[in-house]
Amino acid sequence: MLCALGVLLALRSAIRGRHLLAVALIGVGVPALLFMTRFGDIFLQRMASGYQQSFIRFGIWRHTLELVAQKPFFGWGLDKQLSFVNLLGDTISTTHSLYLAALLKGGACGMLLLALVIIYGVIMAKRQCYRHQGLEGALFLFAAGFYLTQGMFIISNPAVAWNMFWLPLAVVLTLPAVASQADATAFTRRR
């Protein structure tokens, strides 16, 4: 929630005092809530676990890049899964990064196609913000950022990962109708 709030605030053209007050209240309220309840210990354990897992992911990503180097242009194909044992003795089957998965499965060509989709989505998210639809833009930017460290495949049948990527993209690609001629003129001037 805090990451999504950060993205949304970054998209605001003018941050007012009430926005900063809301961020301050959330910034104080959430830690206070965690401190006063048993969820604080659970949260700290999860943060410590996430910190350790982030270093494990570097090993996964290094292994993925070694495989990518073997077939850099067109990749290994859509059926490729990782299969190696990490330093903790766990068998790893996913890249834990959508973008590295695109490199692994589609090589430079597949990554270029995904990059074009992401770039076009960012352009459309910016247009959403110009039309006072910042929430839609933030939704897509959050999804694109989320997949830096998550995900493996978004082309398969609809599932949670599929919906978390394609639904926000569809939302930002659908611009609302221009409310008035004055709004259209203002939008054109900002471009």
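What the table shows:
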| read-out | value |
| --- | --- |
| Label-point separation, residue 44 to residue 148 (7 Å along Cα→Cβ), nm | 2.7 nm |
| Charge context of residue 67, other residues only, Cβ under 14 angstrom, K/R +1, D/E -1 | +2 |
| Simple spin-label estimate for residue 109 and residue 90 in nanometres, 7 Å along Cα-Cβ | 3.4 nm |
| Net lengthening on full extension, residue 116/residue 167 (0.36 nm per residue, minus Cα-Cα) | 16.7 nm |
| Sulfur and carbon atoms: percent of accessible area, segment 27-123 [1.4 Å] | 72 percent |
| Label-point separation, residue 81 to residue 34 (7 Å along Cα→Cβ), nm | 3.4 nm |
| Listed peptides 92-105, 118-131, 32-45, 63-76 by packing density, highest first (mean Cβ within 10 Å) | 92-105, 118-131, 63-76, 32-45 |
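The values are calculated or read from the model by the stated rules, or taken from the named source; none is laboratory data. Everything numeric in this text was worked out from a predicted model, so none of it was measured. Ideal geometry is used to build each Cβ from the backbone, glycine not excepted, and the neighbour counts take in all protein chains shown. Please note that ligands, DNA and RNA were not included when accessible areas were found on the heavy atoms of the full protein model with its side chains. Shrake-Rupley method; radii C 1.70, N 1.55, O 1.52, S 1.80 Å.
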